[in-house]
């Protein structure tokens, strides 16, 4: 039976998180003052301190996300709340893109109306409340069902939770990165983006290692409540970062309102939806257009590897608690590997690399990993998990840093709008588009696509990814990373 928390425990955790949400505004002033004074006492300048606060906000966001991810995957594959068909996972991933588009439209409208600070505050509060609501509803429904096969209502909420969890992570993380990329220049970004990403990986690894004991104590839905509470803490730290930037005169919101005032009359009467904004931005900054294409293909490959991993994992660990524990350990190891690169490797070598080398290196690695699976008649869980872990490590470390450095020299619209379009729409469209294709292809097989078919697909996509990366490099700086080299003319 699905390990779950009693409703009284769920409500107790929810009340704690809710109380924190209500008192956020009162805490903000005191927390901001305490952290600011501590940072100055340690010799940190205001820009460095604000970046530190936002990096901690992002780390806490990913700390909670590990709880949400493990809980969601466990609920989705459980016999008492989820789906048994191999085609269910591609289908739910296909629905993430429309949900991301809705959130993206909401984000851009909010950003245009109130600026980046209030937007981060509002979206973080919304996501925290959403996770808590899903936890209570699903816990109640599963409890009433008595451990029997899940009904349509339970499946609906679990399905919706999966879509929501996949959509919200990029919505918040991209805003954290946008702030830090606005405060740091290219040289400092090349030095610090690796360790900043490493801090998030480390927090995710810590969360992954605690999932086993926590799920036994609080249940699967309890993990969702803990994720909700973590977002409240992330919200407060984000507020502190913006408070410091506003007080000391380097608030990215100032650039936003300045551009809005200058372009208000110019854009009057013109279409202002997300598609027109993205089209105009891609025409003005071609590098973003090809980064969007590269992101689509990269995430398509990640989706295939993820589905392959889940198919193998379900057969190897049929018991829910065992599967949740394995997934927690898996992502903890992936985050640890990413942390090694982010803290120890990337800061040492990043200034000696050309962007073209970095972007071409990643698909070449995955071509080798996919090829290793392809030559096996029945790849084992270790090999399949290893390929997926390699992909996640590349995404979390090397690609993440290279991606953020690409935005640093760009303007406000590229950093705050372009990054969200690529980070949410491109990222999710790649996953959803591939999921739709996998779901459709699964109907030609009695039990859906098997590991061998999925391996052949991943090998093909890795080749296409390499071609897209080569195309992107035409628009990247010619010199070493972080040196402020002018981009090529086209």
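The condition of being modelled with pLDDT of 85 or more and either outside any helix (DSSP H, G or I) or surrounded by fewer than 21 Cβ atoms within 10 Å (Cβ to Cβ) (or both) holds for only one of 104, 110, that being 110. Scan region 144-181 for residues that are under 25 Å from the mean Cα position of the chain (by Cα) and either assigned to a loop (DSSP other than H, G, I, E, B) or without any contact (Cβ under 8 Å) to a residue 24 or more places away in the chain (or both) and the total you get is 2. Please tell me if residue 181 is surrounded by fewer than 24 Cβ atoms within 10 Å (Cβ to Cβ) and modelled with pLDDT of 85 or more. It is false that residue 181 is surrounded by fewer than 24 Cβ atoms within 10 Å (Cβ to Cβ) and modelled with pLDDT of 85 or more. Comparison of 322, 378 shows that the only residue that is outside any helix (DSSP H, G or I) and closer than 30 Å to residue 83 by Cβ is 378.
Pick out the one residue from 234, 245 that is within 21 Å of the chain's Cα centre (by Cα) and at pLDDT 90 or above. Of the residues listed, the single one that is within 21 Å of the chain's Cα centre (by Cα) and at pLDDT 90 or above is 234.
Just one of the listed residues (141, 91) is part of a helix (DSSP H, G or I), surrounded by fewer than 23 Cβ atoms within 10 Å (Cβ to Cβ) and at pLDDT below 85, and it is 91.
Residue check: residue 394 meets all listed conditions (1) in contact (Cβ under 8 Å) with a residue 60 or more places away in the chain; (2) under 30 Å from residue 108 (Cα atoms) but one, namely (1). Quick check on residue 118: is it without any contact (Cβ under 8 Å) to a residue 12 or more places away in the chain and part of a helix (DSSP H, G or I)? Considered against the rule, which asks whether it is without any contact (Cβ under 8 Å) to a residue 12 or more places away in the chain and part of a helix (DSSP H, G or I), residue 118 comes out as yes. Annotation: residue 370 fulfils all but one of (1) under 22 Å from the mean Cα position of the chain (by Cα); (2) over 24 Å from residue 409 (Cβ atoms); (3) buried (at least 23 other Cβ atoms within 10 Å of the Cβ); the unmet one is (1).
Yes or no: residue 281 over 20 Å from the mean Cα position of the chain (by Cα), surrounded by fewer than 21 Cβ atoms within 10 Å (Cβ to Cβ) and modelled with pLDDT of 85 or more? Spelling it out, residue 281 is indeed over 20 Å from the mean Cα position of the chain (by Cα), surrounded by fewer than 21 Cβ atoms within 10 Å (Cβ to Cβ) and modelled with pLDDT of 85 or more.
Out of curiosity, is residue 358 surrounded by fewer than 17 Cβ atoms within 10 Å (Cβ to Cβ) and either at pLDDT below 85 or farther than 30 Å from residue 222 by Cβ (or both)? It is false that residue 358 is surrounded by fewer than 17 Cβ atoms within 10 Å (Cβ to Cβ) and either at pLDDT below 85 or farther than 30 Å from residue 222 by Cβ (or both). Please indicate, with yes or no, whether at least one residue in region 209-229 is within 15 Å of residue 121 (Cα to Cα) and within 16 Å of the chain's Cα centre (by Cα). Within region 209-229, one or more residues are within 15 Å of residue 121 (Cα to Cα) and within 16 Å of the chain's Cα centre (by Cα). Output yes when any residue across region 303-314 is surrounded by fewer than 17 Cβ atoms within 10 Å (Cβ to Cβ) and either farther than 30 Å from residue 280 by Cβ or touching a strand residue (DSSP E or B) at 6+ places or on another chain (Cβ under 9 Å) (or both), and no when none is. Yes, some residue in region 303-314 is surrounded by fewer than 17 Cβ atoms within 10 Å (Cβ to Cβ) and either farther than 30 Å from residue 280 by Cβ or touching a strand residue (DSSP E or B) at 6+ places or on another chain (Cβ under 9 Å) (or both).
The values are calculated or read from the model by the stated rules, or taken from the named source; none is laboratory data. Just so it is clear, the model here is predicted, and its values are computed rather than measured. Ideal geometry is used to build each Cβ from the backbone, glycine not excepted, and the neighbour counts take in all protein chains shown.
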